[in-house]
Structure formats: structure tokens, C-alpha cells
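I have placed the structure first, in the form of C-alpha cells, so that the comments after it can refer back to it.
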Amino acid sequence: MSNVRVRFAPSPTGPLHIGGARSALFNWLYARRNNGSFIVRIEDTDLERSSRASEENILAALRWLGLDWDEGVEVGGENGPYRQTERLQLYNEYLQVLLKNGDAYYCYCTEEELAAEREALLASGEIRYSGKCRDLSGDERCRLESEGRKPVVRFRVPEEKTITVDDLVRGQVSFDCSGIGDFIIMKSDGIPTYNFAVTVDDYSMGITHVIRAEEHLSNTPRQILIYRALGWNVPRFAHVSLILGKDRTKMSKRHGATSIEQYQSQGYLPEALVNFLALLGWSPGGEEEVFTLEDLKGQFSLDRVAKSPAVFDLEKLNWLNGYYIRNSSLDRITELAIPFLREARYITGEVSEETFQWLKKVMAAVRERIESFSELPQHVDIFFSEMLDYDDAAQEILRQEQVPIVFNFLRDKLSALEDLEESSVKKVLRALSKELGLGGKKVYMPLRVALTGRTHGPELYQVIPILGKELTAARLAHALQF
Ligand code: GLU
């Protein structure tokens, strides 16, 4: 293992979203590419909004995407525990160091006082905390505490002009310190704030590269100040740009599903999503768009991560999903299809080996035509109903004069076959047009309509073996009534 150590640090306040999944993927790829370690840490300091259910959900989504971790919740490791609420003692230790060195101080201002202060300051165009409690004496603190006030701890922002983040994606980004007021690092209930906990954790877990969403760039100078105050090396940062919808506004529910589990339940394949997420901000240069996790592992680099926002293009995801559906093994595609067929009530109960083999034929016939499994029912319904309805256009076709001859001819030919295999059916179909001396359209269109109720669909040589002799004959007979 190299010394590269990266982490994904989700807050378990909801499902894993597209943006979080992309951060996880980029970290994972960076670790794998550099033979480093990938760590999963849970940032659950927002006690009200965090839940174990969300945590489990997020972890399940990571696993589904194929992103495994070397250290972290559930797998353990030398730098645990990996949930922030289980690390409170550690934060407190470093808090004491900051307090002792004068880099942090207790602040007794109440919410109301702060709100009033903000209002007054706003008038003068300033919005940062005034620093009122910066230099309280011991006596003053005792007095405030005797009033029953519970203090927070604030970080004392030094009188420094600028902090520059040397970002691996964004380059040098400078922040004016005068805009950063003394910020809270520990709340009155003893729970650290994000900026403090994340810094202590990234340091104590030996994180070398912090790869995360751009929304945290503005937090980075605060974190750098804490690193410096504690005399710690600052890791490298890489802030990955926003994800926008096609209309160039921030990606939201309006643009489509935002959580990974929604895509999973809509019948997307994990490899399609991984491929798609990788291209949200990263590109290898060149025209190629299909990348497996294995390919990505060999090619990913931070210097090919774009500064400009990534645009979420659902059509591209659908195209990729269709690609992976066409190119996965038929066994796997069939396995994956079963829950969707159950949901549509096309199958109930256990799937026997015989049924599975039959379902494979169904999937072989339709897999070229779908981009996600949720589209499956509308393509396979023809195989699961006994008799079909024929609309006016279909009936028109069935009334063509050659139809009875064609249908009877096919029925006789098929009944002479021992088994209906694609190859033998293909031969029969070819012979049909030849022996009857009829053009393809006059033969195959009425047959297609009779057997599927539609003018478009899977190949007839696939349809007929799936339906079997009896149902094929029954549908032909039924269609002849028009
Ligand atoms: N818990 C933070 C989040 O979910 C992680 C931020 C970071 O990676 O530093 O946004």
C-alpha cells in the first residue's frame, strides 16, 4: 500500500445522492489507482437529522455500486471508531489544547444576543461575530456561568490577511480572513461542529487527500486555520465541481431521481451508474465513453477532473444502461429482471429452472430494446398474456387476402417440427415467403401482428419459440377470425 489515504465522510441524514456517490467514487478510484487506502467515516454530529437507517442505506448503496472500503464503519481498522459521535473524547482532547494555547475560547453569548448583534452589524455591512467573548477574565466567566449560561467554544481567527487553498482541481483559491469571524468549534452540548470534527478526523486518520464536493471549498480555510493552530500538516484538497441539470441550474429532484437507491429500484445497473458518475466531472480525453470500474481504476487521475460544473444528462445514463443491459450475460440480466416481472405480476412464486430458461429466451428477445428494467413490462407483456387485442390498424393488416394461406402454412410447418428452436423456426419463416412466392412484408407483417398484436417488436424467430407451438397456433387461429 502507498501512503495515499482518502476518505468518504457522509452525513447519515438521508439516502446517498448522486453528488455524494460521485465523491465516494472519485475517492475510491484515487485510492485504488494509487494503491492507497479508502476509508468510510460517518459524520453523524447532527444528532437530530442523523439516523442509523440512513447510514445503512448509504453503505448499502456504496456496496451496490461496487465501492468497498479498507477501513471504516462495519469493517473496522486502526483509526476507529469511525462514527463521529463515538469520537467525542478525541475532539475534547484537541479542544483542550486549543483552549490552553489561546487558539479557542469560551463564548457565552446567547442566541438572542447574537441575533441582535448580527442585526446591528448588518447595518454596517459586517456579518461576522464581533469577538465579544474573546478576552473574558476568569471572574467574568464565573459570573456568566452563575447566570446559568452554557458556553460554546469558538476558534480565534488570527489577524491574517488571506488563506490560500492550493486545490488540486481549482488551483490556488484565496480567502480573505477578515470575512471569517471566530467560528464555533464546539457547541454547548459538547458536540463538535463540522469544521472541527472533520479536521481532527482527517488528521488523526492520516488522510492525505481530501476529495469532496465544491460546496465545502468555503469551509476549507477554516479547516486550514485549525490544522495550523494544532501544528498539523495540511492534506491536499481537491474540490469537485457542482452537478447541474440540463438547464444549468443546480441538480435537484426536478431533473430526475437524485438518490442512488431510486436508480437501483428503477432498474439501472450499478456499472452503468458508476460509468455515468465517473464522467460527471472526469474525462479521460478522447471519444470513449464506456468505462468499467476496472478500466477507471487504471485511468483515473485528479488532473483530468474538470473545474467547470458537470451536467447531468439522463439520456446518457439511459444509453449507458442500455449498453450494459445488452452486454451483460443473459443469466445475470434474467436474474435482475425477475423482481420487475414479479412487480408487474407476470411471475408469482418460485422460478423453476424450466421457467428460468424460458425467461432467458424472453430477455434475449427484448434486451436490445430496453434501456432500463422498468421498461420491461411493456415489452414482455406479449409473452405473458394468452390472447391479444388487435387495434383497428392491426385488424386491417389481418384482413389482407393472403393471411389465411400464410397462417395455415406456418401452422403446418411448425407442427412438423420436433422442437421450436430459433434456427429451425428461422428456416421455416424463410421457406414461407419463398414457397408461397410472397414478398416478405405480406408474410411477416400479418404474422407479427397476429403473434404480438403490434407492428414492431422482437424478431419472429425469437417470438415463436417463446410462445411455443400451442400458443402460436391459438393466436394464429384467433387472429384469423378478423
Ligand atoms: N459530512 C460532510 C458531507 O456529507 C462531508 C464533508 C467532507 O467531505 O469534508 O457533506
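Here, each number is a calculation from the coordinates, and none is a lab measurement. Quantities reported herein were computed from a predicted structural model and do not represent experimental measurements. All Cβ positions, even for glycine, are placed from backbone atoms using ideal geometry, and neighbour counts span all protein chains on display.
Tell me the label-point distance for the pair A116, S283, using the 7 Å Cα-to-Cβ offset, in nm and rounded to one decimal.
In this crude spin-label approximation the distance works out to 5.7 nm.
With a ≥ b ≥ c taken as the square roots of the eigenvalues of the C-alpha gyration tensor of the range 313-384, please select rounded if a/c is under 1.5 and otherwise prolate if a/b is larger than b/c or oblate if it is not?
prolate
Please work out the FRET efficiency for the pair A53 and R141, using the Cβ-Cβ distance as r and a Förster radius of 45 Å; give the result to the nearest 0.05. Mind dumping the intermediate values first?
Details: r = 41 Å, r/R0 = 0.91.
For A53 and R141, the calculated efficiency is 0.65.
Say the cut-off is 22 Å between C-alpha atoms; which of K413/K469; K361/K469; K361/K441; K361/K442; K360/K442; K250/K316 go over it?
K361/K441; K361/K442; K360/K442
Taking Cα pairs under 8 Å and at least six residues apart, what relative contact order does the range 124-212 come out at, in percent? Walk me through the numbers before you get to the answer.
Details: 77 pairs, mean separation 23.7, N = 89.
About 27 percent, as a whole number.
Could you order peptides 301-307, 4-10, 425-431 by the average number of other Cβ atoms within 10 Å of their residues, highest first?
Result, highest mean Cβ count within 10 Å first: 4-10, 425-431, 301-307.
Relative to the longest principal axis of the chain, what angle (0 to 90°, nearest 10) does the C-alpha long axis of helix 194-204 take?
Value to nearest ten degrees: 90.
Compute, for the range 291-402, the length of the dipole vector about the Cα centre, with Cβ point charges of +1 (Lys, Arg) and -1 (Asp, Glu) only. Units Debye, rounded to 20.
The calculated dipole for the range 291-402 is roughly 640 debye.
About its Cα centre, what dipole magnitude does the chain give when the only charges are +1 on Lys and Arg Cβ and -1 on Asp and Glu Cβ, stated in debye to the nearest 20?
Using only the charged Cβ atoms, the result is roughly 940 debye.
Would the range 247-327 count as rounded, prolate or oblate if I go by the C-alpha gyration tensor, calling it rounded below 1.5 in a/c and otherwise prolate when a/b exceeds b/c, oblate otherwise?
It comes out oblate by the Cα gyration axes.
Straight-line reach only, C-alpha to C-alpha below 15 angstrom: list the aspartates and glutamates that K246 could link to, leaving out same-chain residues fewer than 8 apart.
Within the straight-line limit of under 15 Å, K246 reaches these aspartates and glutamates: D313, E315.
Taking a cut-off of 29 Å between Cα atoms, list the lysines near K100, but don't count ones fewer than 8 places away on the same chain.
Here the lysines satisfying the reach criterion relative to K100 are K132, K150, K161, K187.
Which of T208, T110, T348, T292 comes first, and how do the rest follow, when ranked by fewest Cβ neighbours within 10 Å? List each step's numbers first, then the result.
On the way: T208 18, T110 11, T348 8, T292 14.
Going from sparsest to densest Cβ surroundings: T348, T110, T292, T208.
I'd like to know which of Q299, I224, N321 lies farthest towards the positive end of the charge dipole of the range 217-325, counting +1 on Cβ of Lys and Arg and -1 on Cβ of Asp and Glu.
I224
Give me the distance in nm between label points sitting 7 Å out from Cα along the Cα-to-Cβ direction at A306 and K132, one decimal.
Placing both labels 7 Å beyond Cα along the Cβ direction yields 4.8 nm.
Listed highest first by mean packing, meaning other Cβ atoms within 10 Å per residue, what order do 211-217, 276-282, 51-57, 359-365 come in?
276-282, 359-365, 211-217, 51-57
From the phi angles alone, apply the Karplus equation (6.51, -1.76, 1.60; θ = phi - 60°) to the range 107-116 and give each ³J(HN,Hα) in whole Hz, x where the residue is Gly or Pro.
Here the 3J(HN,Hα) series is 10, 9, 4, 7, 3, 5, 5, 5, 5, 5 Hz.
Give the shape of the range 398-482 as rounded, prolate or oblate, defined through the alpha-carbon gyration tensor: a ≥ b ≥ c are the square roots of its eigenvalues, a/c under 1.5 means rounded, and otherwise the shape is prolate if a/b is larger than b/c and oblate if not.
It is rounded, given that a/c, with a ≥ b ≥ c, falls under 1.5.
Between E435 and A477, what is the FRET efficiency for a Förster distance of 25 Å, r being their Cβ-Cβ separation, to the nearest 0.05?
For R0 = 25 Å, the calculated efficiency reads 0.75.
Magnitude of the Cβ-charge dipole of the range 366-482, K/R +1 and D/E -1, about the Cα centre, nearest 20 debye?
Roughly 480 debye for the range 366-482.
Using only alpha carbon pairs under 8 Å that are at least six residues apart, calculate the relative contact order of the chain and give it in whole percent.
So the answer I get is 12 percent.
Round to a whole angstrom and tell me the spacing of the C-alpha centers of the range 377-456 and the range 155-203.
If you average the Cα positions of each part, the centres end up 72 Å apart.
With a cut-off of 8 Å between alpha carbons and a minimum separation of six or more residues, what is the relative contact order of the range 314-470 in percent? Can you show the working numbers first?
Values: 123 pairs, mean separation 41.2, N = 157.
That works out to 26 percent.
Of S204, T110, A120, which is farthest towards the positive pole of the range 99-232's charge dipole, taken about the Cα centre with +1 and -1 on the beta-carbons of Lys, Arg and Asp, Glu respectively?
Working it through, the farthest residue towards the positive pole turns out to be S204.
Go through the chain and flag any cysteine with no other cysteine's C-beta closer than 4.7 Å, please.
Lacking a cysteine Cβ partner under 4.7 Å: C109, C142, C177.
Could you tell me the center-to-center distance, by alpha carbons, between the range 87-128 and the range 460-482 in angstrom?
A separation of 78 Å, based on Cα centres.
Along the charge dipole of the chain, Cβ charges K/R +1 and D/E -1, which of Y30, C177, Y461 sits furthest on the positive end?
Positive-end residue among those listed: Y461.
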